[in-house]
Amino acid sequence: MGTLADDEQDRLLSACVRQLDSLVGDPGRVALTKALVPWDSAYALSGIRANGRSVWRFMPRLEEGRTVESTLVSENPATFRVRDWRVSIPGGQVVRQVPELSSLGYWVLGRGA
């Protein structure tokens, strides 16, 4: 069994959920992703639809020496390069949140899916 979260981790998780709520903000939201991502995947992409738009979270598995910034090809349309793949979210635009709570991925806003 792993260690339990401490107060700092609890505050960070709460801040991340508040940030997600500020982007989505609709109790009638619908998940766009339905399956778990395998542990060895090159990236994780999760999404939700609400208020006529989609909100995505893109998180690449970084190879040694790479940063999340090195995966970004274009902010609009949101396009990323991971390993030999180019991942594009049609109609999506990278959104930079302030404060940036995690340097592990990007928020992407798009048209309703």
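The values are calculated or read from the model by the stated rules, or taken from the named source; none is laboratory data. Small disclaimer: the values here were computed from a predicted structure and weren't measured. Reconstructed Cβ throughout: ideal geometry from the backbone, glycine too, with neighbour counts over all protein chains shown.
Quick notes on this one:
- Single residue of segment 86-98 satisfying the filter (outside any strand (DSSP E or B) and either of a type in the set (D, E, K, R) or free of Cβ contacts under 8 Å to residues at least 12 places away in the same chain (or both)) that is surrounded by the fewest Cβ atoms within 10 Å (Cβ to Cβ): Val98
- Of everything in segment 45-84 that is closer than 24 Å to Gly28 by Cβ and among the polar types (S, T, N, Q), the residue that is modelled with the lowest pLDDT is Asn51.
- Condition met for Arg66 (more than 14 Å from Gly110 (Cα to Cα), surrounded by 11 or more Cβ atoms within 10 Å (Cβ to Cβ), without any contact (Cβ under 8 Å) to a residue 12 or more places away in the chain and out of contact with any helix residue (DSSP H, G or I) (no Cβ under 7 Å at 6 or more places or on another chain)): yes
The rows are residues; the columns are (1) among the aliphatic types (A, V, I, L, M); (2) within 18 Å of Leu109 (Cα to Cα); (3) surrounded by fewer than 11 Cβ atoms within 10 Å (Cβ to Cβ).
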{"site": "Asp7", "(1), (2), (3)": "no, no, yes"}
{"site": "Leu12", "(1), (2), (3)": "yes, no, no"}
{"site": "Leu23", "(1), (2), (3)": "yes, yes, no"}
{"site": "Thr33", "(1), (2), (3)": "no, yes, no"}
{"site": "Arg61", "(1), (2), (3)": "no, no, no"}
{"site": "Glu75", "(1), (2), (3)": "no, yes, no"}
{"site": "Ala78", "(1), (2), (3)": "yes, yes, no"}
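- Test: residue in segment 45-58 that is without any contact (Cβ under 8 Å) to a residue 12 or more places away in the chain, touching a helix residue (DSSP H, G or I) at 6+ places or on another chain (Cβ under 9 Å) and within 25 Å of Leu12 (Cα to Cα): no
- Members of segment 100-113 found to be part of a loop (DSSP other than H, G, I, E, B) and in contact (Cβ under 8 Å) with a residue 24 or more places away in the chain, listed by number: Leu101, Ser102, Ser103, Leu104, Gly105, Gly112, Ala113
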